[in-house]
1. Only one of (1) more than 29 Å from Y301 (Cβ to Cβ); (2) crowded, with 16+ Cβ neighbours inside 10 Å; (3) in contact (Cβ under 8 Å) with a residue 60 or more places away in the chain is not met by R104, so which one is it?
2. Quick one: would you say Q399 is out of contact with any Cys (no Cβ under 8 Å at 6 or more places or on another chain), part of a helix (DSSP H, G or I), assigned by TED's automatic domain parsing to the domain that holds N190 and not hydrophobic (A, V, I, L, M, F, W, C)?
3. Regarding N51, is this residue surrounded by fewer than 19 Cβ atoms within 10 Å (Cβ to Cβ), more than 17 Å from M170 (Cβ to Cβ), of a type in the set (S, T, N, Q) and modelled with pLDDT of 95 or more?
4. Mind checking whether some residue in segment 108-124 is in a helix (DSSP H, G or I) and assigned by TED's automatic domain parsing to the domain that holds L67?
5. For residues in segment 322-371 being in contact with a strand residue (DSSP E or B) (Cβ under 6 Å, 6 or more places away or on another chain) and among the aromatic types (F, W, Y), which is farthest from Q27 (Cα to Cα)?
6. Could you go through segment 423-430 and let me know if any residue there is among the acidic types (D, E) and within 19 Å of D332 (Cα to Cα).
7. Looking at segment 266-285 only, could you name the residues that are closer than 24 Å to P302 by Cα, small (G, A, S) and surrounded by fewer than 24 Cβ atoms within 10 Å (Cβ to Cβ)?
8. Of everything in segment 111-130 that's among the aliphatic types (A, V, I, L, M) and buried (at least 23 other Cβ atoms within 10 Å of the Cβ), which residue is nearest to the chain's Cα centre (by Cα)?
Amino acid sequence: MNINKAFILSGIFLSFFAQAQEIPRLQKKGTATQLAVDKKPFLILGGELGNSSASSFQDIERDFPKLQQMSLNTVLVPAYWDLIEPEEGRFDFSLIDKTIDQARKNNLKVVFLWFGSYKNSMSCYAPLWFKKDYKKYPRAYSKAGKPMEIANSFSENVLKADNKVFGELMKHISVVDKTQGTVIMVQVENEIGMLEGARDYSKEANAAFNTQVPEALMKFVTKNKKELHPSLLEKWGKQNFKTKGNWQEIFGNDVYTDELFTAWSYAQYVENLAKTARSIHNIPLYVNAAMNSRNRLPGEYPAGGPLAHLIDIWHAGAPSIDMLSPDLYDGDFTSWSAKYRLHNNPLFVPEIKMTQNNGVQAFYAFGEHDAIGYSPFSIENNSELGSKRLSEAYSKLKQLMPILTKYQGQGQSKGLLFDQKNTERIINYDDLKITAKHFFSLPWDARAKDGSVWPEGGGLILRLAKDEYIIAGSGIVVEFEKENEKKETKTKDLGEDGFAAQGGKNNTQNTWLGTSRVGIGWVDEISIDENGKLSPIRRLNGDQTHQGRHVRIGVDDFQILHVKLYEYQ
């Protein structure tokens, strides 16, 4: 074969390969939204680097192998405006390239976090040339007239500068990664929102606040009136659902109206960047939110950010954004995650406080909410014990991925998450009642009663068939019974061997009024291969199932169990 023919054939092969690759995208499956990577549904088992941990080659080279050892499949990495464009118009993507290179070497995917004009509200990651030229790139102002370290979102110059460098970043990602798909998603800005007050009081902002509420927003809320978030519907209703007027005339005169105004401004700002990204490299985009927790008022937290109660403003103002995502630091994971798993917003947890409980929370998110992903913050600084626990959890979730994604959106899975206060959940499938509890609800482990704080226990239950289940996680106990069983038997507590702990006369037997019972046929600890094939590791019975009374996984272990039930009379 001559050189020219070889070159032509090589070009054809490369062209075919490029066409065969599909850039990451979101897809619907039943009620779930899935992230498709390399043409397969993909669950992000992630970790987010600390704010400054991707600012040097040495840190990236040191940290990425550690992340692979923790069994992550994805790392969330800041992309810094000040380092990418240190001089106006001169771009340096060497840190971006180093990140992608190290991700590929360590079998990781990447989500880049754009630290542009806004990072935790502030404009600290804008380059010095931008910060110094405050006349061209003006600031937001407090109500008292103080200029703040926050770029003015109403300024065309601010938007153009941010949008230009963000567009260059997306072009670079497209060039170096379009055929490999290492970069699977991008976060636009970081915890955008207004601090010190609920809105900007610059002259541009004041003018916008006192003019008509944009027609595009009024059309959106009118069209979607029946599905609006209750807080927005209530505010609008108190003003008799007016459709023309300024912000106070439409939504009332309070700090929460100021926040709606801010949300619209920031959503419109982000939409411009999102449209730029879509036109260059159309991968999924999201925005993250700092929570409105601890009874704080707008402005005491970043007001107007992509919060759940502002979802309608953000959907109207930034339709090119795929999802609003919570950054969680205040506990109560079940309540906060539920606020973001909505009919029009899939759950992705891009940032959460790093604890030894992260693994069970991840199981809960995927089991209960068909989550797209989960990611503890400052992951490179995880403790030895925390890294071990997370690795064990993520290793099991990697095995579960083909099974979970197959059943997503069908209502066949439930999440479990228990602590010392919330110890039980009852789940019903047809006439089957499943009672799940914290492992320490069994009194056999000394730590259950020694006064120490219980670690969170959690996992998921996936129904494969009427009498067949996957139970996975750590620190859980699961019992099965028929709904029609009438428990007329009164017994004392049983020991681990199944015998009464103490003898006596209080163990009375009454007439049983049920028609049939359900029993545990068998319980297998299993592994699952990448194609979803289940392979038994060991059969669990006897003491490991309390002589057939329950299925359990201890607080020190992560396991995947395959359970077969049967009925008898």
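1. That leaves (2) as the condition not met.
2. yes
3. It is true that N51 is surrounded by fewer than 19 Cβ atoms within 10 Å (Cβ to Cβ), more than 17 Å from M170 (Cβ to Cβ), of a type in the set (S, T, N, Q) and modelled with pLDDT of 95 or more.
4. Checked against the condition, which is being in a helix (DSSP H, G or I) and assigned by TED's automatic domain parsing to the domain that holds L67, segment 108-124 yields no hits at all.
5. That would be W336.
6. Initially, segment 423-430 is screened for residues among the acidic types (D, E), giving 424, 430.
From the residues that got through so far, the ones that are within 19 Å of D332 (Cα to Cα) too are 424.
Yes.
7. Correct list: A274 only.
8. V111
The values are calculated or read from the model by the stated rules, or taken from the named source; none is laboratory data. What you see is a predicted model; the values in this text were computed from it and never measured. Cβ atoms come from the backbone with ideal geometry, glycine included; neighbour counts cover every protein chain shown.
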